[in-house]
Amino acid sequence: MTMTINYAGIEFEVEFDYQPEERMTLEYPGCPQEATLNEITHKGEDFYSLLEGHHSKIESAILEQMTDPRDY
């Protein structure tokens, strides 16, 4: 999936894999929703490695934006 997010005041294009939440059942413990970054760009430039220490925050921002229909 791809989307534009605002992180640290900059608009980034992000490409990511999305795993929706799976509810717990008697046989399965379930799992939370998850976004895994594949690419981060700004004006066509690759920022993936430069923002490596921020990936978890960016993934959280993606999930927040996905749950707010006004922003997606």
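Identify, from the list PHE12, PHE16, the residue that is within 9 Å of the chain's Cα centre (by Cα), in a strand (DSSP E or B) and either among the hydrophobic types (A, V, I, L, M, F, W, C) or surrounded by 15 or more Cβ atoms within 10 Å (Cβ to Cβ) (or both).
It is PHE16.
It is to be established whether one or more residues within region 9-24 are among the hydroxyl-bearing types (Ser, Thr, Tyr) and touching a His at 6+ places or on another chain (Cβ under 8 Å).
no
Do any residues in region 37-66 that are in a loop (DSSP other than H, G, I, E, B) have Cβ atoms under 6 Å from those of residues that are crowded, with 17+ Cβ neighbours inside 10 Å, where the two are at least six apart or on different chains, and which pairs are they?
PHE47/ILE40; TYR48/ILE40; LEU51/ILE40
Mind checking which residues of region 48-62 are closer than 13 Å to ALA8 by Cα and of a type outside the set (D, E, K, R)?
Passing the criteria: LEU51, HIS54, HIS55, ILE58, ALA61.
Each value in this text was obtained by applying a stated rule to the coordinates, not by laboratory testing. What you see is a predicted model, and the numbers here were worked out from it, not measured in a lab. Every residue, glycine among them, receives a Cβ derived from its backbone with ideal geometry; neighbour counts consider all protein chains shown.
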